[in-house]
Amino acid sequence: MISTAPALPTLLVIPTGIGCAVGGYAGDALPAARLLAAASGCLITHPNVMNGAALYWSDPRIHYVEGSSLDRFAAGELLLQPVRQQRVGLLLDAGMEPELRQRHLQVADGCRATLGLEIGPVVITDRPLEVSLSLGASGVSWGQLGQPEALLRAGRQLKAAGATAIAVVARFPDDPDSEALAAYRQGSGVDALAGAEAVISHLLSRELGLPCAHAPALSPLPLDPDLDPRAAGEELGFTFLPCVLVGLSRAPDLLPAAKLPVVGGASAPAIGIDALGAVIAPAGALGGAAVLACAERGIPVIAVDNPCLLEVSAEALRLEVIAASSYSEAAGLVLALREGIAPAALRRPLPPLRLQS
Amino acid sequence: MSSVQLLPVLLQLERQPGSLREQVEAAVGAHGTPLRWAITAVQHRPEQPPLLQIEAVVLNGAVAEAADA
């Protein structure tokens, strides 16, 4: 079915580092995102959903927005201005070995030559960023950065040199023998890198006001014959950078909401929170800034059964949501909203109306 | 040493009436500029408001240049 109704801007959130069955691995929520983009005609989502290391999907209906900018969009502080192309500056951690650095430069060159992306300039931080990994009290992946100012200095240098978006590659600690990594590769653990990745891109995007995303630099892992298909995207090559460059190449500009959106020309109008028609999130992970901001604005929240470490449900937070047993069902609900069909009319039993007392 | 620091924060917050997001942001904001946060557990207690567990990373210290977003 092809909808002829106007697009319904829809926000898809699958928090990183909480072990979601769908979206907790290497871009394994991408099929769901593609379906939701088709259903809504306009999907706003974040790198954890879209990044599959060497694998990616580019769809003009999907807007790639880093998590802290999504939170600010949901709070009504930012508008998303679609663009034809970003000039993606590449920020490399001085903590990377020369060979690993060269590999990443070659990935960027490959994306220029093969995909036609505009990439550059390239900057190396003036000292190693010192990324460390940690788990929170709940088992959720968090992380730390020993030299945040070095990251910001390099980011400012890129912005001053004309970059309109920034891809960061930071050296992450190798731990090939850890039980957590083995569990993740076999489909039963949390992505231990995710929390630190989020911190890096949040900090940079927040301070510079540019679209930013991150790829970790790691030594290649030994072959695992029991590799889970959801983690396989990260085992195809030497870097996780291609998906980040592709995502950022058409990421929307981030405009302060007080600024008037660009009108006319070839650009599509900027998207503001008032245009949002639905937000979709895992049923057990509703306690994030973007989902709460949307719920408090009365935007329909579709809570999808997507098992994860957390049990922060609609019932626990006393939120009103529309439940969906899968992303396929969520896509049907989004299409219903887009077509002006009340989701409740699709369910049985359909309780009779009662007079308000 | 860097004058800007990222610090992990673990909080418990008794939910009050009103905007939940604003309550969490105020609680996290008492420890620094919130960079990333989530409610990671909710404990229901008889005849008392629910107790929320919040995990966050905050930014502490002055960033050298003003944000230009």
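For the range A:153-226, dividing the convex hull volume of the Cα atoms by the residue count gives 103 Å³ per residue. Largest GNM mean-square fluctuation among A:VAL304, A:VAL244, A:VAL83, using chain A with Cα springs under 10 Å: A:VAL83.
Modelled spin labels at A:SER188 and A:ASP174, positioned 7 Å past Cα toward Cβ, are 2.7 nm from each other.
Here the protein assembly as shown carries DSSP beta bridges of which approximately 50% are antiparallel, counting only pairs with both residues inside. Ordering of A:343-356, A:87-100 by packing is A:87-100, A:343-356, highest average first (other Cβ atoms within 10 Å, averaged per residue). Of all the options B:VAL57, B:VAL24, B:VAL42, the one that moves most in a Gaussian network model of chain B with Cα springs shorter than 10 angstrom is B:VAL42. Counting every C-alpha pair in the range A:93-153, the share spaced more than 14 angstrom apart comes to 68%. Estimated purely from DSSP H runs of n ≥ 4, each contributing -39500 (n - 2.57), the mean residue ellipticity at 222 nm for chain B is -4500 deg cm²/dmol once divided by its residues. Averaged over the residues of B:13-24, the number of partner chain Cβ atoms lying within 10 Å of the residue Cβ comes to 3. Looking at the range A:87-214, the DSSP beta bridges with both ends there are about 30 percent antiparallel.
Here the convex hull built on the C-alpha positions of the range A:1-126 has a volume of 153 cubic angstrom per residue.
To the nearest 10 degrees, how steeply does helix B:20-29 sit against the main Cα axis of chain B, on a 0 to 90 scale? So the helix axis and the longest Cα principal axis differ by about 50 degrees.
From the largest down, chain B spans 48, 24, 15 angstrom on the principal axes of its Cα atoms. As a ratio to 2.2 N^0.38 Å, the alpha-carbon radius of gyration computed for the protein assembly as shown takes the value 0.95. Counting Cβ atoms of other protein chains within 10 Å of each residue's Cβ and taking the mean over peptide A:137-147 gives 4. Counting heavy atoms of the protein chains alone, A:ILE302 has an accessible area of about 0 Å² for a 1.4 Å probe.
When chain B is treated as a GNM with alpha-carbon contacts under 10 Å, the residue of B:LEU20, B:LEU59, B:LEU35 showing the greatest mean-square fluctuation is B:LEU20. With distances taken between every two different alpha-carbon atoms, the range A:204-325 has a Kirkwood hydrodynamic radius of 18.2 Å. Listed by number, the DSSP H helices of chain A that run 24 Å or longer by alpha-carbon position along their axis and have mean Kyte hydropathy of at least -1.0 are A:98-115. Look at the stretch A:197-208: the mean tally of other chain Cβ atoms within 10 Å of its residues' Cβ atoms is 4.
Contact order, relative form, for chain A: 26 percent (alpha carbon pairs under 8 Å, 6 or more residues apart, mean separation divided by residue count). Calculated accessible area for chain A comes out at 42 Å² per residue, all protein chains present (probe 1.4 Å; ligands, DNA, RNA ignored). The share of alpha-carbon pairs in the range A:273-357 lying farther apart than 18 Å comes to 47%. Per-residue ellipticity at 222 nm from helix content only, as computed over chain A with -39500 (n - 2.57) for each DSSP H run of at least four residues, stands at -9000 deg cm²/dmol. For the range A:85-210, the alpha carbon positions stretch 41, 31, 27 Å along the principal axes, listed from largest to smallest.
The values are calculated or read from the model by the stated rules, or taken from the named source; none is laboratory data. Quick caveat: nothing in here was measured; it's all calculated off a predicted structure. Neighbour counts run over all protein chains shown; Cβ positions are idealised from the backbone, glycine included. Ligands, DNA and RNA are excluded from the accessible area calculation, which covers all protein heavy atoms including side chains. Shrake-Rupley method; radii C 1.70, N 1.55, O 1.52, S 1.80 Å.
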